[in-house]
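Okay, so here's the structure we're looking at.
Throughout, read-outs are computed from the coordinates displayed, never taken from laboratory work. Note that this is a predicted model, so its numbers are computed, not measured. Here the Cβ is made from the backbone with ideal geometry for all residues, glycine too, and neighbour counts use every protein chain on show.
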Amino acid sequence: MKRIILSLFIFLLIGLGSVNKLVGQCNSDNFSNACIPKLAGGFNFLKSYKIDGEGGKEKVEYSYVFTKGTQYMINLCADGQATDGIVVSLFDSGRNKVATSKINGQFISAIAYPCNATGIYYIQYTFDGSTAKCGGSALGFKR
Amino acid sequence: MVMRVLVIGCMTAFMLSFIGCGSSNKEAENEDTEDSVEAQGPSIDDQTISAILESIPSPLEISVLLKESGTKYSSSILNSADNLSKYNNNYKKALNLGIYGTDLGYTNIYQQNQDGIKYLTSIKSLADGLNIGQFFDVETIGRLATNSKNLDSLLLITTQNFNSINKYLQTQSRANLSVLLLTGGWLEAMEITCQVAASNPKNKELLEKIGEQKIILENIVLLLGFYKDTDENMASLLKDMEGLKAAFDKINIVYTYKESTMEVVNGVAVIKDNSTTTIQITTEDVENIRKATQLIRTKIIS
């Protein structure tokens, strides 16, 4: 009898662990979808990006060809109002940093980038004291 | 005894719940794969292909540029929505889905609703033929298209639909179709831009816009190259696109990096980009590019 109860206990523990893992999983799709309507007025939606730092990832990176004469906006969404320590930085093709959302220690939830140089850019998301390491982002443009 | 029955009952229920979850997942997987068109294996991993695909800009950017530069709407430069019946295989369907996608974006930007609905109908038909029609809510898009006040929503929903299709194709190991879709969309944007530039040869911004497409073309050629050994159609398209790339060879894009500055305005980090690019392109280059683009596009839409 004791064996059965012990087995049941272990089985339940494993099961609950799986459930907890599911509950704790990063639902970055929700965050990226939530970010789309938060693009400032006049910006046309282009892409949404998932930011999932699970598994000890230090950064999440995407690339996009930005063109001269176009203004781009990249915003951030995470749990709560703030960015939960998620920082978006923009690098040009030569890996020079062009923009970041962490300015003077302040986490900003959106960057506006009036592009003056056409080329491939890297949109990099990093985690600076982030608790959930989970969020989403949207990219928009206007002329 | 009662306790034993209770314990065994709990364990059985618990195990069944797991088995249940497993079988429903399998059903979902089957549903997803049933509609898959046989994929041609590329010579590189899916993640690399997805990363390159994601970097290719939306043709909508060019349509907005044309509208805002004062260029008048012209339906004659688009691929007629009536050409639909010519596209009978997946290769042609995917390429022309991309072409019609750009045409739809162009009609939307110019708020030419009647034309837009024709393209939407053709798009839905091609998408159904590729088993990706579920991503187009024709009723909603059609309703949005009838009122110019809905332009933002219309652009948003159509962009989301195409993004969803591309993501779906990539998860279904059908990225080859995604490559074709984006290639078609880009070629059509090139055709429209070249046609407009031909009638406005002094518009420097348009010439530069054509010249900077060199960067995107390089990525498209790279993508097509991954399929050249496994897909005859894509190998043939690659050859044509390499011909177009040769027309771009004389164009120089000079990039000068200078550190940018930033300030926070109303909660937004506003960047001042101090870097520049100079596009060195002549009207002769544009004419060569226009001819090469037209040649490929004619093959695709015929």
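A few comments on the model shown:
- Signed unit charges on C-beta, dipole axis of the range A:26-142, positive-most listed residue A:130, A:109, A:90: A:90
- Derived scalar couplings ³J(HN,Hα) [the range B:256-269; Karplus, 6.51 cos²θ - 1.76 cosθ + 1.60; whole Hz; x for Gly, Pro]: 10, 8, 9, 3, 8, 10, 9, 8, 9, 10, 6, x, 10, 7
- For the range A:26-142, the share of alpha carbon pairs falling in successive 5 Å distance bins from zero is 2, 13, 24, 26, 20, 11, 3, 0 percent.
- Take each residue in B:273-283, count the other chain C-beta atoms within 10 Å of its C-beta, and the mean is 4.
- Derived scalar couplings ³J(HN,Hα) [the range B:85-98; Karplus, 6.51 cos²θ - 1.76 cosθ + 1.60; whole Hz; x for Gly, Pro]: 5, 7, 9, 10, 10, 4, 4, 5, 4, 5, 4, 6, 5, x
- Radius of gyration and Dmax over the Cα atoms of the range B:70-223, both given in Å: 15.5, 46
- Relative contact order %, chain B, counting alpha carbon pairs below 8 Å whose residues are six or more apart: 21 percent
- Across all C-alpha atoms in the range B:194-252, the radius of gyration and Dmax reach 13.8, 44 Å.
- Between helix B:175-199 and chain B: long-axis angle, C-alpha atoms, 0 to 90°, nearest 10: 20 degrees
- Principal-axis tilt of helix B:113-129 within chain B, Cα atoms, nearest 10 degrees: 50 degrees
- Averaged over the residues of B:101-107, the number of partner chain Cβ atoms lying within 10 Å of the residue Cβ comes to 0.
- Amide N proximity, the range A:105-139 versus residue B:264 label position 7 Å along Cα-to-Cβ, cut-off under 14 Å: A:105-112
- Rg then Dmax, both in Å and based on the Cα atoms of chain B: 23.5, 94.
- Ranked by the mean number of other Cβ atoms within 10 Å of their residues, highest first, the peptides A:112-120, A:94-102, B:104-112 fall in the order B:104-112, A:112-120, A:94-102.
- Residue-by-residue Karplus 3J(HN,Hα) for the range A:37-45, coefficients 6.51, -1.76, 1.60, Hz, glycine and proline x: x, 8, 5, 4, x, x, 8, 8, 5
- Charged-residue dipole, Cβ positions (Lys, Arg, Asp, Glu), chain B about Cα centre, Debye nearest 20: 540 debye
- Taking the C-alpha atoms of the protein assembly as shown, convex hull volume expressed per residue in Å³: 174 Å³
- Computed over Cα pairs, the Kirkwood radius of the range B:156-302 leads via Stokes-Einstein (1.567 mPa s, 4 °C) to a diffusion coefficient of 75 µm² per second.
- In this calculation the C-beta distance from residue A:58 to residue B:280 is compared with R0 = 25 Å, giving a FRET efficiency of 0.05.
- Under 5 Å between amide hydrogens, built in the peptide plane, is the criterion, and for residue B:173 it picks out nothing among residues at least 5 positions away or on other chains.
- For chain B, calculated [θ]222 nm from helices alone, where every DSSP H run of n ≥ 4 adds -39500 (n - 2.57): -22000 deg cm²/dmol
- For chain B, the longest principal axis of the alpha carbon atoms and the long axis of helix B:46-55 meet at an angle near 40°.
- Computed over the range B:34-127: relative contact order in percent, which uses C-alpha pairs under 8 Å that are six or more apart: 30 percent
- Between residue B:148 and residue B:302, the simple spin-label model (points 7 angstrom out along Cα→Cβ) gives 3.9 nm.
- For the peptide A:100-113, the mean number of other protein chain Cβ atoms found within 10 angstrom of a residue's Cβ is 4.
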